[in-house]
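Structure first, commentary second.
The values are calculated or read from the model by the stated rules, or taken from the named source; none is laboratory data. In this text the structure is predicted, and so the values were computed from the model without any measurement. Cβ placement follows ideal geometry from the backbone for every residue including glycine, while neighbour counts extend to all protein chains displayed.
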């Protein structure tokens with residue numbers, strides 16, 4: 001069987017509860033005919049939307065995740081969200097280390113590692129986001145930065161957990177309103193660096209099966225070329241996915257490019 005293709009989006013601090021539920025219902029309806037043996041579709045809404053989001057009809061069609069998580073089950077961590085709270089909601093995945101968590105809220109590789117370990121121990125699929133800044137790119141240390149974030153982020157993680165790990169490569173300079181999309185060649189090259197490091201960390205068999213998604217100003221103009229790159233397993237799409245119809249169109253276009261649409 002051919003490998004599964006991953007499509008997801010992080011809604012960041014957009015969409016209220018009503019808008020989130022409406023978006024999810026529309027997305028499930030529009031994509032219901034797509035074979036879930038071939039694709040993995042996921043959405044990561046805001047915290048306040050999660051209790052309503054998990055009640056959508058046909059929940060099995062769209063996996064839902066949290067944008068962040070504390071590394072402790074309980075305690076004096078004002079403003080944080082516990083893994084037990086997320087488990088109570090029945091979420092599928094947790095995103096760790098998003099660029100904004102690292103660069104706006106100053107989270108370190110070591111804090112991301114504690115969160116990764118906690119997320120995996122509590123049974124969540126764990127999506128670790130990594131990426132270099134524009135300055136690091138200019139200094140030609142992108143590969144070293146990516147390897148450092150992977151090695152530190154997965155420190156102490158057993159190969160037994162490899163099946164619950166996803167990685168998203170998001171160049172910091174390529175995301176957000178003013179992001180400059182990476183060339184498909186550059187993205188594919190960095191995915192190759194990531195894959196090699198994952199194999200070093202988890203072994204040949206397990207390391208090659210970990211999905212590595214590209215996120216960084218994915219849009220209808222570059223999605224087809226990105227998804228056909230040999231090292232890219234899926235697309236982690238931003239604002240181009242925040243309207244259900246547009247996301248459905250992007251997904252179908254990418255699948256058609258891969259010869260997966262009838």
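Contact annotation: no residue pair with Cβ atoms under 6 Å, 6 or more positions apart or on different chains, pairs a residue in the stretch 157-180 that is without any contact (Cβ under 8 Å) to a residue 24 or more places away in the chain with a partner that is assigned to a loop (DSSP other than H, G, I, E, B) and surrounded by fewer than 20 Cβ atoms within 10 Å (Cβ to Cβ). Of all residues in the stretch 208-252, those being over 18 Å from residue 42 (Cβ atoms) and buried (at least 19 other Cβ atoms within 10 Å of the Cβ) number 2. Meeting the requirement of 3 or more residues that are at pLDDT 95 or above, crowded, with 22+ Cβ neighbours inside 10 Å and in contact with a helix residue (DSSP H, G or I) (Cβ under 8 Å, 6 or more places away or on another chain), the helices (runs of 4 or more DSSP H) wholly within the stretch 94-188 are 109-121, 142-153. If you go through the stretch 233-257 and keep only what is touching a strand residue (DSSP E or B) at 6+ places or on another chain (Cβ under 8 Å) and modelled with pLDDT of 95 or more, you end up with 233, 234, 235, 236, 237, 241, 242, 247, 250, 251, 254, 255. For residue 196, indicate whether it is in a helix (DSSP H, G or I), closer than 23 Å to residue 113 by Cβ and under 18 Å from the mean Cα position of the chain (by Cα). Here the answer is no, as residue 196 does not meet what is asked. If only residues of the stretch 1-21 that are free of Cβ contacts under 8 Å to residues at least 40 places away in the same chain and surrounded by 14 or more Cβ atoms within 10 Å (Cβ to Cβ) are counted, the one that is farthest from residue 91 (Cα to Cα) is 19.
Residues that are surrounded by fewer than 20 Cβ atoms within 10 Å (Cβ to Cβ) and more than 30 Å from residue 245 (Cα to Cα): does the stretch 39-52 have at least one? Looking for residues that are surrounded by fewer than 20 Cβ atoms within 10 Å (Cβ to Cβ) and more than 30 Å from residue 245 (Cα to Cα), one finds none in the stretch 39-52, hence no.
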